[in-house]
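**Q** Shown below is the structure under consideration.
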Amino acid sequence: MIYFISNTKSLNANFTDATIDDVVEYCKTKKVLGVDTETEGFDFTCKKMIMFQIGDANNQYIIDTRFVSIEPLREILESNNIVKIFHNAKFDYKFIKKWANIACEGIYDTFLVELIISCGKSLGYGLKDLCKRYLNVELNKEVRNLFIDLHGHPFTDDQIIYGAKDVEYLCKIKELQQADIDKYKLHNVVELENEVVKSFADMEYNGLDLDTEAWRELESLNTSKADALMSTLDNMVKMDHRLEKFVAKYIQADMFTPTEELRDVDIKWTSPKQVLEVFQCIVPKLDNVNGKQMYKHRFKYPLIDKYVKYKEAMKLCTSYGDAFFKNLASDKRIHTSFHQILDTGRVSSSKPNMQQIPADNNFRNCFIAPDGWSFVSADYSSQELNVIAFGSKDPVWIEALKNGEDLHSTCAELVYGDQWLNSAEDDCAYLSRKNKCNCPTHKKLRTNVKTINFGLAYGMGPHKLADTLNITVDDAKLLIEKYFTAFPAIKGFLEKLGNFGKKYGYIKTFPPYNRRRWFTNWYPRIWDNKSSSMELGSIERASKNTPIQGASADMTKKALILMRDYIKTENAPVKLVMTVHDQIDTICQNEYLPAWTHNMKTIMEVAANEIVTNGLLKAEVSVSNCWEK
């Protein structure tokens, strides 16, 4: 039955008028409730929540929040003993927190759970998709648009029914999802994601302050760099006889532009089509100018190398210039949107993509803490390397991590043997203290091995290694062979993961979460099909990569949960504001800094020890007045 709560009576005989007290009395007797909201728009900072729906499959209560406060429901919404089912809980959480000052607890998100169950599969995950998949119900989402700019007009019958059906369907979907959760033993990861969604919602809600003047200064600087690089490209073209057809013999002047500012090179460097025509005069077989192709040729051809630098500078101008300000919300803060579950379990963000903010700190430092507050950031020291060491049980890696040695140098010594020892300088910090050293040859050898070490987490093969180190594929194959000869335990660990994925069509992360990733291009006895080598290769790489990245993501999410719990329990003057891979960023009132820096480090390491149980994975904490890498 549908109940309607407003300051006016419903005109439809199918709806029963009720009071907010009726809602409270019904809900406090339930263990599971569906919850949804309707809003004026998508920006919680300025668009209001105008309808709130709560109930179960039997009874749904539709509250007109323009006239009726949901404050009496606070105890129910904040209870961990009553499960509240949402679909895309972050959205509703932010509106409820903004317009009712209630932070929901006890969340179950059908959207996140479906992502967990079907991770890796190309399915629709909207409520409309789930209703069709689980209930064979066609949900008309067009009614959703009728809530925009409604102002004080009464809700139509269709809008009230729409709100009630969302609640009813959520309860039924949760029941049906349980079968797959049980079948694939996903209880722990479901609990993890339903808990951490509150941390992500808080980060989106809190946002980041941006120093717009500093940002504009950076844009001006990068524009100047891009212009200078374009001039250099023009000059390089003029000096290359192969490209003389792109140089104008005569320049058309005008009365407004000084002669020295007129270009005599007829190339638009922002046009891939024109640039390809230029570079085909140097590399005839070139068929595109995308990043991968350019990276392969940049070290052989100075013009291509300069073009790559120009493209990088132009990207900074276009992506992180004035256009970035469109992401500022009405409160003048940046509120990114987190995508909580990628195929590996890692997190991404958009509008804007904060994970792609250049990591050289020039841009990050433009995000500042309010007066009286500081950034307190924590990240794991060699997180993925620790995960590999723990998974492979490689004795050299574990011993190096245990003793605080420079792992990359330790690996390089074993891979290169006499070449490493004979290239040491007299004051080599590695030979004396096992620290990272400044020996010129050691630096190069260490970089080679470091590339492999980190490449292990991404399923790097010889072709990618060759491109990265600018060496031949044969040399890359030889280097990988020498590497795995030195570290057979790591080779066996990765091969075991790769073979598991190829055999079963899925891969899991480490306990206790055991997140699953399915491979949709897999089929039984795929290895018997000679034409399936590409599919097998991608499955093998993903099978090696996912447990490492997924375990890393799981522990970072656990740390976010523990931090939010600490902040709430202690009423600490701390706010979660950002996370990028293994780094978590908070802002903290200055007088609380000593307590929070200590507790943040402890929380990070407690979370890590849940997965990497040898206790070797440590966290580092830094304090600054701005965001830093």
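Where a number appears in this text, it was derived from the coordinates with a stated rule and is not lab data. All values reported here derive from a predicted model rather than from experimental measurement. Because the Cβ atoms are built from the backbone with ideal geometry, glycine has one as well, and the counts that use them run over all protein chains shown.
**Q** Of 487, 549, 571, which is farthest on the positive side of the dipole of the chain, counting Cα position, with +1 on Lys and Arg Cβ, -1 on Asp and Glu Cβ, and the Cα centre as origin?
**A** Of the listed residues, the answer is 487.
**Q** As I understand it, the value is the acute angle between the Cα axis of helix 89-100 and the longest principal axis of the Cα atoms of the chain; what does it come to in degrees, rounded to 10?
**A** 60 degrees
**Q** Taking only DSSP H segments of four or more residues, each worth -39500 (n - 2.57), what value at 222 nm results for the chain once the sum is divided by all its residues, to the nearest 500 deg cm²/dmol?
**A** Working: 22 runs with 291 residues, N = 629.
Here the helix-only value at 222 nm equals -14500 deg cm²/dmol.
**Q** Still on this structure, I have one more. Put +1 on the Cβ of every Lys and Arg and -1 on every Asp and Glu Cβ in the chain; which of 155, 41, 293 then has its Cα farthest towards the positive end of the dipole?
**A** With unit charges placed on the Cβ atoms, the residue in question is 293.
**Q** For the chain, what number results from the quotient of the Cα radius of gyration and 2.2 N^0.38 Å? Intermediate results must be reported in sequence, preceding the final value.
**A** Working: Rg = 28.5 Å, N = 629, 2.2 N^0.38 = 25.5 Å.
Against the empirical 2.2 N^0.38 Å value, I get 1.12 for the chain.
**Q** Right, another one. From the mean inverse distance of alpha carbon pairs (Kirkwood) and the Cα radius of gyration, derive Rg over Rh for the stretch 395-486.
**A** 0.97
**Q** Given the pairs 443/618; 464/544; 491/557; 28/84; 47/198, which span a C-alpha to C-alpha distance of over 19 angstrom in this model?
**A** As for pairs spanning more than 19 Å Cα to Cα, those are 443/618; 491/557; 47/198.
**Q** Take the alpha carbon atoms of the stretch 265-323, find their center, do the same for the stretch 430-469, and report the distance between the two centers in whole angstrom.
**A** Each part reduced to its Cα centre gives a spacing of 28 Å.
**Q** Still on this structure, I have one more. By how many degrees, 0 to 90 and rounded to 10, does the Cα axis of helix 473-486 deviate from the longest principal axis of the chain?
**A** Taking the Cα atoms of the chain, the angle to 473-486 is about 70 degrees.
**Q** Relative to the Cα centre, what is the charge dipole magnitude of the chain, using +1 at the beta carbon of each Lys and Arg, -1 at the beta carbon of each Asp and Glu, and rounding to the nearest 20 debye? Mind showing how you got there, number by number?
**A** Numbers: 81 positive and 85 negative charges, 414 e Å.
Charge dipole, the chain, about its Cα centre: 1980 debye, nearest 20.
**Q** Work out how much length residue 145 to residue 220 would gain on full extension: take 0.36 nm times their residue separation and subtract the Cα-Cα distance, in nm to one decimal.
**A** On the way: separation 75, 0.36 × 75 = 27.00 nm, distance 4.05 nm.
Full extension from residue 145 to residue 220 adds 22.9 nm.
**Q** Beyond a 23 Å Cα-Cα separation, which of these cross-linked pairs lie in this structure: 141/185; 121/326; 225/450; 351/629; 273/326; 393/508? Write down the numbers at each step before the final one.
**A** On the way: 141/185 33 Å; 121/326 33 Å; 225/450 31 Å; 351/629 20 Å; 273/326 29 Å; 393/508 18 Å.
Distance filter (> 23 Å) returns 141/185; 121/326; 225/450; 273/326.
**Q** Using only the alpha-carbon atoms, what does the stretch 311-470 span along each of its principal axes? Please give whole angstrom values in decreasing order.
**A** Principal extents (Cα only, largest first): 62, 42, 33 Å.
**Q** So how strong a dipole does the stretch 77-162 carry about its Cα centre when Lys and Arg Cβ are +1 and Asp and Glu Cβ are -1, to the nearest 20 debye? Each step should come with its number before you reach the end.
**A** Working: 11 positive and 11 negative charges, 59 e Å.
Here the size comes out at about 280 debye.
**Q** Distance between Cα centroids, the stretch 510-547 to the stretch 597-616: provide it in whole Å.
**A** 31 Å
**Q** Give the cross-link partners of residue 530 among the lysines, using a straight C-alpha distance below 21 Å as the criterion and excluding same-chain residues fewer than 8 apart.
**A** Filter leaves 502, 503.
**Q** What distance in nm lies between label points placed 7 Å from Cα along the C-beta direction at residue 610 and residue 628?
**A** 2.9 nm
**Q** In nm, to one decimal, how far is the modelled label at residue 425 from the one at residue 232, with both set 7 Å along Cα→Cβ?
**A** 2.7 nm
**Q** Okay, next question. Relative to the first principal axis of the alpha-carbon coordinates of the chain, what is the inclination of helix 533-570, with its axis defined by its Cα atoms, in degrees from 0 to 90 and to the nearest 10?
**A** 60 degrees
**Q** Hey, another quick one. Mind ranking 618-626, 361-369, 192-200 by how tightly packed they are, going by the mean number of other C-beta atoms within 10 angstrom, highest first? Mind showing how you got there, number by number?
**A** Working: 618-626: 16.1, 361-369: 19.6, 192-200: 23.4.
For the peptides 618-626, 361-369, 192-200, the packing ranking is 192-200, 361-369, 618-626.
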